[in-house]
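To keep things clear, I will list the structure first and then write my remarks on it.
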Amino acid sequence: MKLVLAIINNDDTPIVTAQLTKAGFYMTKIASTGGFLTAGNTTFMSGVDDDKVDELIGIISKFSKKRLQPTVAHNPGFFTGGSHDVSSTSVQEVLVGGGTIFVLNVERFEHV
Ligand code: 2BA
């Protein structure tokens, strides 16, 4: 058995949830936050038999879109010699997703 952890963009969470449920997968969803963009995303946690892992990853891949997400970059300032430092911010885009997936071995599973 494997534990699949999949980090998905919040915009894709409804369709991924629907498609995984339709295919018979059990899952737990955890509200999570990306360390870099500090934007909300969803972490899916699903315990599956080894021979179902590829099907699970296939569904997540199919319904998780890559997207450009704006992020504010702080450009280093410099000292003018006057009373004000000069610095600026600019909006840059970061390519996010589709899904980020980890597959872990499960030593023991109990459902009591
Ligand atoms: P965030 O950490 O908010 O990262 C969002 C996007 O920013 C990433 O997209 C990547 O394109 C970029 N990025 C992340 N860290 C960066 C850095 N140190 N320098 C430059 N660019 C950086 P994805 O790679 O698709 O990741 C989407 C989300 O998946 C991440 O959100 C994070 O929540 C999770 N994630 C990705 N890789 C991970 C890892 N190795 N371990 C744990 N979580 C991860």
Cβ contacts < 9 Å: first residue closer than 19 Å to residue 53 by Cα and assigned to a loop (DSSP other than H, G, I, E, B), restricted to region 83-112; second residue at pLDDT below 95 and more than 16 Å from the ligand (Cβ to nearest atom), any location; separation 6+ or different chain. Result?
none
In region 88-103, residue nearest to the ligand (Cβ to nearest atom) [restricted to those that are at pLDDT 95 or above and open to solvent by 60 Å² or more (accessible area, probe 1.4 Å)]:
100
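Residues checked against (1) modelled with pLDDT of 95 or more; (2) closer than 17 Å to residue 102 by Cβ; (3) open to solvent by less than 50 Å² (accessible area, probe 1.4 Å):
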residue: 30; (1), (2), (3): yes, yes, no
residue: 39; (1), (2), (3): no, no, yes
residue: 47; (1), (2), (3): yes, yes, yes
residue: 50; (1), (2), (3): yes, yes, no
residue: 64; (1), (2), (3): yes, yes, yes
residue: 68; (1), (2), (3): no, no, no
residue: 74; (1), (2), (3): no, no, no
residue: 79; (1), (2), (3): no, no, no
Taking region 8-17 and the residues there that are surrounded by 12 or more Cβ atoms within 10 Å (Cβ to Cβ) and not in a strand (DSSP E or B), the one that is nearest to the chain's Cα centre (by Cα) would be 10
Does region 20-73 hold any residues that are hydrophobic (A, V, I, L, M, F, W, C) and assigned to a strand (DSSP E or B), and which are they?
30, 31, 44, 45, 48, 68, 72, 73
If you check residue 21 against the conditions, is it open to solvent by 90 Å² or more (accessible area, probe 1.4 Å), among the β-branched types (Val, Ile, Thr) and free of Cβ contacts under 8 Å to residues at least 12 places away in the same chain?
no
Residue 58 within 13 Å of the ligand (Cβ to nearest atom) and either modelled with pLDDT under 80 or open to solvent by less than 100 Å² (accessible area, probe 1.4 Å) (or both):
no
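The values are calculated or read from the model by the stated rules, or taken from the named source; none is laboratory data. The structure presented is a predicted model; accordingly, all values stated were derived computationally and were not measured. Here Cβ is always computed from backbone atoms with ideal geometry, including for glycine, and neighbour counts include all displayed protein chains. Protein only, heavy atoms only, side chains kept; ligands, DNA and RNA dropped before computing areas. Shrake-Rupley method; radii C 1.70, N 1.55, O 1.52, S 1.80 Å.
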